[in-house]
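Read-outs throughout are calculated quantities, based only on the coordinates presented, and are distinct from any laboratory measurement. As the structure is a prediction and not an experimental result, all values here were calculated from the model. In this analysis, Cβ positions are derived from the backbone assuming ideal geometry, glycine residues included, and neighbour counts consider all displayed protein chains.
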Amino acid sequence: MADGNMETIFLKKGEDRRLRAGHLWIFSNEIDVKRSPLPAFAPGQPVRVAGSDGRPLGTGYVNPASLIAVRLVSRREDEPLDAALLRRRLSEALTLRERLFERPFYRLCHGEGDFLPGLVVDRHGDHVVCQVTTAGMEAQTEALIEVLDELLHPGSLLLDNDTASRALEGLERFQKDALGTAPEEITVEENGVSYAAPLRSGQKTGWFYDQRMNRAALSASLRGMPGCSVLDAFCYAGGFGALAARRGAGQVCFLDASSQALDYARRNAEGTGAAIETLQGDALARLAELRAQGRRFDAVCLDPPAFIKRKKDARQGLEAYRRVNELGFDLVKPGGLLMTCSCSHHLEADALRAAVTRAAAKRCRPARLLYQGFQGPDHPIHPAMPETAYLKAFLFQLPA
């Protein structure tokens, strides 16, 4: 047994380079299973990590059933994931967010970006949503609830653990009130605007704060275009389109597969003076219908779900990105704007830009890049982990 009752995971020779460069994940094939047989460890068990030479690399937790077998939580050899570490890391995360944002509407914890793998915490004013995706973090659920109660004193705290990624860790999916009773609907504030969004039955943790800066960039680009027409495709609750309506757009068309999402999008754009249209159905099919109808818009926003969820889906997913961007080009008026996004961490920014370049060439339309964005600062990127830089956004102008 090692210090503090923690056993040690030893890596194979040469498999420590990525960790020494700052990465937090250890894959099962990087572990010396003769010295540290994985079946001997329980899912979520805290462990020390050492190189093949025995030199300590840090502390983490293990799950022998997962491809990512160990996730580091500290570079110290005596600092396991417990209430004390959660309190320190979440306190640091809260201090940063309070410096960045005037109002309590943000992602408080973004997993590896805040050095707490397996944990996402969103703060919607008085309501907090947690998503735990690993066995190691699951073992600290009671401590997590206690720490968040101490730091935030929320009116409600919802454990929204109904996510497919938990299956990779052998965890059950569920949704549970941990503190108070989470409402069915929340009001969030972003870019000086209030939005209604579904909480319990909404997508992810209720709202996509990661697009905050990109929504602001698109709406800012509409200055000087009073009364312009905007298509918000894959709109969810209308974050892009509703902000555009409040910044002077005269017509906004929301497109989504979910009737619930469209109801919220319409509500969020009401009272702006803009003419609102909603279209339900498969986005690619409806975009093709709009093209066939000869519809054109001054600005088109494409914010699809991840088309590439696994590396093996890369070719098929890239083709989907090419297709949706070609349709986007067809729907933009001469001189108009195209905002295109991807939340697939398997798709690099250059690949998305190349997909747009190919669409421009195929349609024989010039395009110039006005803005390149990524996830907001409440979704921090771990510099040694390209996997955490998942969101890409490009704003193009398509000259006449």
(request) Across the chain, how many lysine pairs, 8 or more positions apart or on different chains, have C-alpha atoms separated by under 30 Å? Please give the number. (result) 23
(message) Suppose the Debye formula is applied to equal point scatterers at every Cα of the stretch 83-183; what is log10 I(q)/I(0) at q = 0.10 Å⁻¹?
(response) -0.24
(request) Kindly identify the stretch 3-74 as rounded, prolate or oblate by the Cα gyration tensor criterion: order the square roots of the eigenvalues as a ≥ b ≥ c, call it rounded if a/c is under 1.5, otherwise compare a/b with b/c, prolate if a/b is larger, else oblate. (result) rounded
(request) Taking the Cβ of each residue in V147, V193 as the centre, tally the other Cβ atoms inside 10 Å and list the residues starting with the fewest. (result) V193, V147
(message) Within a 10 angstrom radius of the beta carbon, how do E102, E79, E289, E112 rank from fewest other beta carbons to most?
(response) E102, E289, E79, E112
(request) Would you mind listing how long the stretch 172-214 runs along its three principal axes, going by Cα atoms, in whole Å with the largest first? (result) 34, 21, 16
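Sum up the charges of everything whose Cβ sits under 12 Å from the Cβ of H127, counting Lys and Arg as +1 and Asp and Glu as -1, but leave H127 out. Provide the component values of the computation, followed by the final result.
Working: positive: R123, R200; negative: D122, D126, D160, D177, E184, E185.
That sum, taken over residues with Cβ under 12 Å, equals -4.
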(message) What do you get for the angle between helix 349-362 and the principal long axis of the chain? Use alpha-carbon atoms, 0 to 90 degrees, nearest ten.
(response) 30 degrees
(message) Given points 7 Å out from each Cα along the Cα-Cβ axis, report the K362 to S259 separation in nanometres with one decimal.
(response) 3.3 nm
(request) Just order 378-388, 40-50, 166-176 by mean Cβ neighbour count inside 10 Å, highest at the front, would you? (result) 40-50, 378-388, 166-176
(message) Only bridges whose two residues both fall in the chain count here: according to DSSP, what percent of them are antiparallel, nearest 5?
(response) 65 percent
(message) When 1/r is averaged over all different Cα pairs and the result inverted, which Kirkwood radius in Å belongs to the stretch 190-398?
(response) 17.0 Å
(request) With a 10 Å radius around each residue's Cβ, average the other Cβ atoms per peptide and rank 270-283, 239-252, highest first. (result) 239-252, 270-283
(message) Restricted to Cα positions, what overall size does the stretch 46-128 have along the principal axes? Three whole-Å values, descending.
(response) 49, 25, 19
(message) Quick check: residue separation of R17 and L369 times 0.36 nm, minus the Cα distance between them. What number comes out in nm?
(response) 123.0 nm
(request) Indicate, rounded to the nearest 5 percent, the antiparallel portion of the DSSP beta bridges found entirely in the stretch 190-398. (result) 40 percent
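What number, rounded to the nearest 500 deg cm²/dmol, is the helix-based mean residue ellipticity at 222 nm of the chain, given -39500 (n - 2.57) per DSSP H run of at least four residues and division by all its residues? Please report the intermediate quantities before stating the final value.
Numbers: 10 runs with 109 residues, N = 400.
So the helix-based figure for the chain works out to -8000 deg cm²/dmol.
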(request) Could you grab the Rg to Rh ratio for the chain? Cα atoms only, Kirkwood for Rh. (result) 1.01
(request) Name the residue, out of N325, N268, N29, whose mean-square fluctuation peaks in a Gaussian network model built on the chain with Cα pairs under 10 Å. (result) N29
